[in-house]
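See below for the structure under consideration.
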Amino acid sequence: MDKIWDGRIKSSTNKLADNFTFSLDVDIKLYKYDIIGNVAYAAGLKKIGIISNQELLKIINGLIKIKDYIENNKFSSSEYEDIHSLIEYELKNEIGEAAGKIHTGRSRNDQIVLDEKLYLKNAIIEILESLTNLELTIIKLAKKNVNIIFPAYTHLQKAQPVLFSHYLLSFFEKFYRDINKLLTNFEECDYLPLGCGACTGSGYEIDRNYLSKLLKFKYKAVNSMDEVSGRDYFQDFVYNLSCIMIHLSRFCEDLIIYNTNEFSFIEIADEFCTGSSIMPQKKNPDILELIRGKSSLVAGNLLQFILLQKSLPSTYNRDLQEDKVIVFNAFNQTLSSVKIFKELIDNIKINTENINKSMKNQFLEATDIADYLVKKGETFRNAHNITGKIIRYCIENKINLNDLSINKLKDYSKFFDVDFFKKIALIECINSKVTDCGTNSSNVKNNLKFATERINKIKFKIEKLKLRIPDFNNLMKEIQNEMD
Ligand code: ARG
């Protein structure tokens, strides 16, 4: 196989070296973006007179054929080193010498950045859409179970009563921050790399505004050396994906616990469980466990990505080729996890009876007892101490709070009064958390509305972002219109 650098390097590369540098198995994924980039770049070269109208037509038709070949698996992919060489060589086979002009003033160093950025913009939209669907499912589930009282845990010990909807919305917030980070990620990667060449810029007055318009980049890279070496947009992406996965893993862990026989707060639908090869009674939450496992892989991807760039000399170095392996893996793992998790929680059953049982006589009201005394005139520290003593008394005597008389309570503090038992009913404890971030019913209902409003705004933003992604057919039309 000929090489693009045959002029300089006389002997053909060692077979092992060929195999070692080969990346087409990975970067074939970028073919669509590479072709779109080639079409736009060819139009840019025509605009400055480097290729003629006729040559442009030939190039475009050749690229359309190559796209078709790739989509129908008509190439044996091991022939070429990478996606750029595949397309350039096949174009030459298709249309002859005119193909030799397409790389004028361009390098694979700025070309790969272009492909990666186009991939990334699409990937961000895909993950944003899946997260939006997950958020909508969380809201739906919270609305459906808005009044269920649930034990909030700290240290995996029952802490205070909370609305189940408030618990669910805590994950809404986490994913909402991830969504916003991805929106910033999109802005940060939306800089046109073409014109940067290998590292110092292009020797041709290629119209970068025109290329930005065709390829729908909002901004243009400012410094060629930075642009061919920087991969921050990918690093941010892998970081954002690992945030999503870590959030998912925590949600999964909760659900795995709540799904155990011991808790039985929820039941995962059969279609999202697996059985055991030996124990016939088993119904295992493997999907949740796999998401938890995959979260480690994606977090590992982040470290891989950071290390890949550490101490690299300026500007492009071949190490960077490995970035795609990392990003593609992190993206695929995260996208499939978000999608299946959404379906799984959409089909979850809530066992209210068991949840209620679990909160009986567990002293979840303890903080509210202290608060009760504070409102009557005790200092909080005294109130805390008094409440602790009452609870110890109950535990030692194997009785519940409700078994205590007001008179007995008065032994501990003169402030106890007949309104006491009403004030420490679980729903009262919930509604007494009056801050606008707390679990009181009216706040949770407001937050449900607020969540819906925010997600609708995000959906609108995603639709607008889609307009900033080049589409192959539209690009063709645009260029053809210019030629007429
Ligand atoms: N395949 C390379 C990558 O993925 C892009 C080509 C640049 N190669 C080079 N030797 N300058 O990063």
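Worth pointing out:
- Cβ pairs under 6 Å, 6+ apart, first in the range 309-335 and part of a loop (DSSP other than H, G, I, E, B), second of a type in the set (Val, Ile, Thr): 315/228; 316/228
- Of the residues contained in the range 346-359, one or more are found to be touching a Ser or Thr at 6+ places or on another chain (Cβ under 6 Å), surrounded by fewer than 17 Cβ atoms within 10 Å (Cβ to Cβ) and not acidic (Asp, Glu).
- Taking the conditions (1) part of a helix (DSSP H, G or I); (2) modelled with pLDDT of 95 or more; (3) within 16 Å of the ligand (Cβ to nearest atom); (4) not basic (Lys, Arg) in turn, residue 78 satisfies each one other than (2).
- Of the candidates 36, 64, the single residue that is away from the ligand (no atom under 16 Å from the Cβ), among the hydrophobic types (A, V, I, L, M, F, W, C), part of a helix (DSSP H, G or I) and surrounded by fewer than 16 Cβ atoms within 10 Å (Cβ to Cβ) is 64.
- The set of residues from the range 96-113 being within 15 Å of the ligand (Cβ to nearest atom) and of a type outside the set (Val, Ile, Thr) comprises 103, 106, 107, 108, 109, 110, 111.
- Which numbered condition residue 125 misses (of (1) in a helix (DSSP H, G or I); (2) crowded, with 21+ Cβ neighbours inside 10 Å): (2)
- Some residue of the range 45-52 being in a helix (DSSP H, G or I), touching a residue at least 24 places away in the same chain (Cβ under 8 Å) and either among the charged types (D, E, K, R) or in contact with a helix residue (DSSP H, G or I) (Cβ under 9 Å, 6 or more places away or on another chain) (or both): yes
- Complete set of residues in the range 426-448 that are more than 12 Å from residue 162 (Cα to Cα), part of a helix (DSSP H, G or I) and of a type in the set (Ser, Thr, Tyr): 442
- Filter pass, residue 97 being farther than 30 Å from residue 459 by Cα and among the acidic types (Asp, Glu): yes
- Condition met for residue 437 (loosely packed, with under 12 Cβ neighbours inside 10 Å and farther than 16 Å from residue 136 by Cα): yes
- Remark: pairs (first residue in the range 410-421, outside any loop (DSSP other than H, G, I, E, B); second residue surrounded by 12 or more Cβ atoms within 10 Å (Cβ to Cβ); Cβ separation under 6 Å; 6+ apart in sequence or on different chains) = 410/416.
- Which listed residue, of 116, 79, 97, 88, is surrounded by fewer than 16 Cβ atoms within 10 Å (Cβ to Cβ), touching a residue at least 60 places away in the same chain (Cβ under 8 Å) and among the charged types (D, E, K, R): 79
Matching residues to (1) over 26 Å from the mean Cα position of the chain (by Cα); (2) within 16 Å of the ligand (Cβ to nearest atom):
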{"position": "40", "(1), (2)": "yes, no"}
{"position": "48", "(1), (2)": "yes, no"}
{"position": "68", "(1), (2)": "yes, no"}
{"position": "119", "(1), (2)": "no, yes"}
{"position": "127", "(1), (2)": "no, no"}
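The values are calculated or read from the model by the stated rules, or taken from the named source; none is laboratory data. This structure is a prediction, so every number in the text was calculated from the model and none was measured. Cβ atoms come from the backbone with ideal geometry, glycine included; neighbour counts cover every protein chain shown.
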